[in-house]
Amino acid sequence: MEETIKVLNLNAYFGNVQALKDINISIKEKMVTAIIGPSGCGKSTFIRCINRLHEVVPNTKVSGEVLLDGKDIYSADVDPIEIRRKIGMVFQRPNPFPVLSIYDNVAAGLKLNGIKRKDNLDEIVESSLRMSALWDEVKDKLDASGVSLSGGQQQRLCIARALAVKPEVILFDEPCASLDPISTAKIEELILELKNDYAIIIVTHNMQQAARVSDFTAFFLMGELIEFDNTQDIFTKPKDKKTEAYITGRFG
Amino acid sequence: MERHLDQELADLKKELIMMGSLVETAIFESIEALKQLDRERADKVISDDKIIDELENTIDEKCLELLALQQPMAVDLRFITMEMKISTDLERMADLAVDIAQRVLELADKPLLKPLIDIPKLAIIAQEMTKGAIESFFNLDVALAGKLILRDKEADALRNLVQQELLDDYISKNKKTIPRAIPLLLIARHLERICDHATNICEDVIYMIQAKVVKHHPEKLQEI
Amino acid sequence: MAGFREGKRRDKRMSIYKRRKIINKLMCTVALLCAILTLVPLISIFGYVLSKGITSVSLGFFTHLPKPVGEPGGGMGNAIVGTLILIGLSCLWAIPLGILGGVYLSEFGNNKLGLTVRFTADVLNGIPSIVIGIFAYTMFVLPMKSFSAISGAFALGIIMLPTVMRTTEEMLRMVPRNLREGALALGISQFRMIVSIVLKTALPGIMTGILLAIARIAGETAPLLFTAFGNRFWNQSLQQPIAALPLQIFAYAISPFDDWHRQAWAGALVLIAIVFLMSFISRFVIRLRYKFPTSR
C-alpha cells in the first residue's frame, strides 16, 4: 500500500514549549488512521503540522520533515497554500462561512482562488454535496445561508467544501465532538465511504469511535508517539503498558 | 485510577473460581461413587448440577452486561470474553460428571466387571488437570497452563488403553459382559473429555494473559 | 423548648427574606427610574427643536439660498447640500483608510506598532474638534490661500478616522478564529481570506461604526469655522468655501434677526433629523444582515 504521508522526526513548538517530540509515522492512502490520546497530548498540533496550519499561529516553530508523496512540504520552495489545497481539514466545530450561501460555501475553495466557470462549479458543487451525503437535503435551497442548517448538516457542508478542492488527504479534528449521536453516526459512515478515495487522519477523544472507524491507530502521550499499530491490535492487545492503561480507562 | 469496572471484574473472577471448585467436587464425587458403587452419591452429583448450570447463566449474563455497558478494551476485553468461554467449558465438565454418575447408576446393582486400575489413574489426571486449569486462571500462571496442555496426551493414551482392554478382553470375547463393559468404556470417554475441556481452559487462560492464540496451534506453545 | 427555638429561627429567616425582597424591589425601581431619566434630555431637546422649527420647514427651505441680510424668506438649501458634500468627501478618504488600518490592527497588529497605532487613535479621538480645525487650517487653508470644502472634509475626516479604525478592528476581532482557519485550510490566501470572508462577515458591525461616525461629524461646527467657512451661495468648486448646516445655524442664531432665528431652529431640526436617520439606518442594516444566526 502506498504511503501518502511520511513524517520524519517532527518536532513542534509553541514559543519555548515543545508540543511534539520526534514524531515518526507513516500514513497510508485509502486507509483511516486515528490519533488518540489524553487532552494536551499533541494530537491536534500534529495534524496542524500536516497541513501547515500550525505555523499560522504566531511564535510557533516546526522542525523535521513531512513528506507528501515523497516531497517535503516544509521545504523552502513549497507554497503552504498549495499544501493546504492538497490536504484538507474538517474542524471540531462546524465552521461554514455565514456570509456565503450553501452553494458558495462549497465552491469557496474554488471561487476564492479564481476558478469561476459556472458550469464547472455547478458540477463540482453537486458532486461534492453528493459525496458528503448532503445533496438531497439541500438541493432545493442552495442559496440559503451556510449557517441555516443543523449542526450535523453544517459539518457535512464543511466536508463537502473540503472535498470540492479535490485534496489527496483529509484531516478530521474531532469532527463529531459537537454533534448528536445520529449525526455522528452519519459522519462516521461518510468517513468509511471516503476512505476509498482518500487518505484520512482522524483525531478523536472517543476511543470507541477510533475503534469503529479506523484501520490504524496512533497513541500520543505528552507530545510523543507511544504506539502505532493496526486498530484491531491496539484495542485487543496493545504492546505498550501506557497504551493499555489509557484505553482501559485507568487514566486520561 | 481505581475503576468501577475493577470491582466488577474481581467479582466475576470470584464467581468463576467458585464454579470451578464446584466442578472439581462434582468430578471427585462421581469417581468416588463409581469406586463405592454408591447410588446416593451418584444421585447427589446429578441433583447438584443445577447449581452449576445457574452459575454459568449468571456469569454469561454479567459478562454480556459489562461488554454492552462498559466497552472494555484490551486485557479487560480478553478477560471477559475468556471468562464466558471458560464458564462454558466448566459447565460441560460438570455435565460430564453427571454422565459419569449416570453410568454409575447403571452399574450400581451389578458387581464390577473387573477391578478398576486404569480408570482411577485417568480420573486422577482429569482431577489434576481441572484443578490446575482453575489455578492457572486464578494465578494468571501461563507456565502452568502450558504444562497442563501437554498432559492431555496422557489422558488420551489412558483412554485408548481402557478402550482397547475392554473391547479385546471382554466385549469381543463374551457378549454377556456388554451391559457392564459399555458403561466403563463410556466413563473413560467422559473422563478424557473432561481433560479436553481442561485443556481448552488452559488455552483460553494463555490468550487472556498474553493475547497469544495457542488453540488448535500446539506448535505455538513453545513461544509462551 | 426545641420547637420554640425552631420557631424563632424561622421568624428570623422570614424577616431576612422579606428585607432582601424589599431591597431588591427598591433597587430595581431606582434603576428603572434612572433609565427613564436618560430619555428626558433627548425627548426635551427634540421636542423643543421640533416645536420651534417645524413651522419654518418647507420645500423652499430645502431648495432656496439664504436671502441677503435683513430680507425675510430664503432657505438653507446650500447648507444642506454642503453638509452632504462634506460628509461625502470625508467618507471618501477616511473610510478606506480607517478600514484598512483596522484590518492591519486586527490581523497583524499584535506588536509594538499595533500598540502605538491604537494608542494614537484613542488620543486622536479625544482631541477637541476645534484643535483639529486649526490643524486643517494650517495644512490646507494657508497653502491654498482659501477656505475650501477640501479642508473641511480633511478636518471632518480626521475626526471620523479613529472611530472607523477602532470599530473595524473590534468587529474583525469578533469574527471567530474558526472561520479564518476554515478558510486557510481550503488553500485560500490570507489576503483573500481577510477580504472575502472576515471583512464580509464583520461588515454589518463595521457599517454601524461608520454610520455612527457620520452622525457625529454631521453636527460638528467648530472644525468647519475656519476650513469650510461657510458660503451664502451654491458651492461651485471644492477648492472654494462651502456652506454647512451647523455653520449656518451658528451664524443665524447669533444674529439679531428674528427671521434668521426662526430659520436657525428649522436648520437645527433638519440636522437632528439627519442624525436620527443615520442611526435608524444603521440599526435597520444590522437587523437585516443578522437575520441569519451566526455560527457560535
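The values are calculated or read from the model by the stated rules, or taken from the named source; none is laboratory data. Because the structure is predicted, anything quoted here is derived from the model rather than measured. Cβ coordinates were reconstructed from backbone atoms using ideal geometry, including for glycine residues, and neighbour counts include every protein chain displayed.
The set of residues in the range A:200-252 being part of a strand (DSSP E or B), among the charged types (D, E, K, R) and under 18 Å from A:SER39 (Cβ atoms) consists of A:GLU224 alone.
Look at A:LEU100 and say whether it is surrounded by 17 or more Cβ atoms within 10 Å (Cβ to Cβ) and either under 25 Å from A:LYS195 (Cα atoms) or within 16 Å of the chain's Cα centre (by Cα) (or both). In short, no.
Within the bounds of the range A:182-205, is there any residue that is over 15 Å from the mean Cα position of the chain (by Cα), within 13 Å of another protein chain (Cβ to nearest Cβ) and either surrounded by 22 or more Cβ atoms within 10 Å (Cβ to Cβ) or over 30 Å from A:LYS241 (Cβ atoms) (or both)? Looking through the range A:182-205, none of the residues is over 15 Å from the mean Cα position of the chain (by Cα), within 13 Å of another protein chain (Cβ to nearest Cβ) and either surrounded by 22 or more Cβ atoms within 10 Å (Cβ to Cβ) or over 30 Å from A:LYS241 (Cβ atoms) (or both). If we keep just the residues of the range A:80-97 that are more than 8 Å from every other protein chain (Cβ to nearest Cβ) and buried (at least 22 other Cβ atoms within 10 Å of the Cβ), which is farthest from the chain's Cα centre (by Cα)? The residue in question is A:ILE87.
Condition check ((1) more than 11 Å from chain C (Cβ to nearest Cβ); (2) buried (at least 20 other Cβ atoms within 10 Å of the Cβ); (3) without any contact (Cβ under 8 Å) to a residue 60 or more places away in the chain) across all residues:
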| residue | (1), (2), (3) |
| --- | --- |
| A:VAL78 | yes, no, yes |
| A:ASN105 | no, yes, yes |
| A:ALA108 | no, yes, yes |
| A:ASN113 | no, no, yes |
| A:ASP119 | yes, no, yes |
| A:SER127 | yes, no, yes |
| A:ASP143 | yes, no, yes |
| A:GLY152 | yes, yes, yes |
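Have a look at B:LEU77, B:LEU96, B:LEU34, B:LEU12 and point out the one that is within 14 Å of chain A (Cβ to nearest Cβ), surrounded by 17 or more Cβ atoms within 10 Å (Cβ to Cβ) and part of a helix (DSSP H, G or I). Going through B:LEU77, B:LEU96, B:LEU34, B:LEU12 in turn, just one is within 14 Å of chain A (Cβ to nearest Cβ), surrounded by 17 or more Cβ atoms within 10 Å (Cβ to Cβ) and part of a helix (DSSP H, G or I): B:LEU77.
For every residue, the table says whether it meets (1) of a type outside the set (Lys, Arg); (2) closer than 22 Å to A:ASN196 by Cα; (3) at pLDDT below 95.
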{"residue": "A:ASN113", "(1), (2), (3)": "yes, no, yes"}
{"residue": "A:LYS116", "(1), (2), (3)": "no, no, yes"}
{"residue": "A:SER132", "(1), (2), (3)": "yes, yes, yes"}
{"residue": "A:VAL147", "(1), (2), (3)": "yes, no, yes"}
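When B:ASP6, B:ASP60, B:ASP48 are screened for being within 22 Å of B:ILE134 (Cα to Cα) and within 14 Å of chain A (Cβ to nearest Cβ), only B:ASP6 passes.
With respect to A:GLU189, determine if the residue is among the charged types (D, E, K, R), within 29 Å of A:CYS49 (Cα to Cα) and modelled with pLDDT under 95. Even if it seems obvious, please write down each step before you answer.
Details: among the charged types (D, E, K, R): yes; within 29 Å of A:CYS49 (Cα to Cα): yes; modelled with pLDDT under 95: yes.
For A:GLU189, the condition - among the charged types (D, E, K, R), within 29 Å of A:CYS49 (Cα to Cα) and modelled with pLDDT under 95 - is met.
The combined condition, being surrounded by 13 or more Cβ atoms within 10 Å (Cβ to Cβ), in a helix (DSSP H, G or I) and within 14 Å of chain A (Cβ to nearest Cβ), is fulfilled by C:SER106. Restricting the range C:194-238 to residues that are polar (S, T, N, Q) and over 20 Å from C:ARG283 (Cβ atoms) leaves a set whose member that is surrounded by the fewest Cβ atoms within 10 Å (Cβ to Cβ) is C:GLN236.
Within the range C:143-153, can you find the residues that are in a helix (DSSP H, G or I) and surrounded by fewer than 24 Cβ atoms within 10 Å (Cβ to Cβ)? Break it down into steps so the answer makes sense when it comes.
Here is the first cut: in the range C:143-153, the ones in a helix (DSSP H, G or I) are C:143-144, C:149-153.
Passing the criteria: C:PRO143, C:MET144, C:ILE150.
Checking every residue in the range C:76-84 against the condition of being small (Gly, Ala, Ser) and farther than 30 Å from C:THR167 by Cβ gives at least one match. Within the range B:99-113, can one find any residue that is crowded, with 17+ Cβ neighbours inside 10 Å and either farther than 30 Å from B:LYS173 by Cβ or within 14 Å of chain A (Cβ to nearest Cβ) (or both)? No, the range B:99-113 contains no residue that is crowded, with 17+ Cβ neighbours inside 10 Å and either farther than 30 Å from B:LYS173 by Cβ or within 14 Å of chain A (Cβ to nearest Cβ) (or both).
Just for the range C:146-183: of the residues that are facing chain A (nearest Cβ under 8 Å) and touching a strand residue (DSSP E or B) at 6+ places or on another chain (Cβ under 9 Å), which one is nearest to A:ASN95 (Cα to Cα)?
First, pick out the residues of the range C:146-183 that are facing chain A (nearest Cβ under 8 Å): C:176, C:178-179, C:181-183.
Restricting the remaining residues to those that are touching a strand residue (DSSP E or B) at 6+ places or on another chain (Cβ under 9 Å) gives C:181-182.
On the way: C:GLU181: 9, C:GLY182: 7 Å.
Out of the qualifying residues, it is C:GLY182.
The set of residues in the range A:209-252 that are under 27 Å from A:LEU190 (Cβ atoms), away from chain B (no Cβ under 11 Å) and more than 22 Å from the chain's Cα centre (by Cα) is empty.
Among the residues of the range A:222-251, the one identified as charged (D, E, K, R), in contact with a Pro (Cβ under 8 Å, 6 or more places away or on another chain) and under 22 Å from B:HIS4 (Cβ atoms) is A:GLU244.
Screening A:CYS41 on (1) over 30 Å from A:GLY146 (Cα atoms); (2) among the hydrophobic types (A, V, I, L, M, F, W, C); (3) modelled with pLDDT of 95 or more shows it passes everything except condition (3).
Being surrounded by fewer than 18 Cβ atoms within 10 Å (Cβ to Cβ) and within 14 Å of chain C (Cβ to nearest Cβ): is that true of A:ASN59 here? Judged against the criteria, A:ASN59 is a match.
Among the residues of the range C:189-203, are any at positive phi, over 22 Å from the mean Cα position of the chain (by Cα) and within 14 Å of another protein chain (Cβ to nearest Cβ)? Walk me through it before giving the result.
Within the range C:189-203, the first condition is being at positive phi, and the residues that meet it are none.
No, the range C:189-203 contains no residue that is at positive phi, over 22 Å from the mean Cα position of the chain (by Cα) and within 14 Å of another protein chain (Cβ to nearest Cβ).
Screening the range C:164-177 for residues that are more than 15 Å from C:PRO204 (Cβ to Cβ) and touching a Gly at 6+ places or on another chain (Cβ under 6 Å) and picking the one that is surrounded by the most Cβ atoms within 10 Å (Cβ to Cβ) gives C:MET165.
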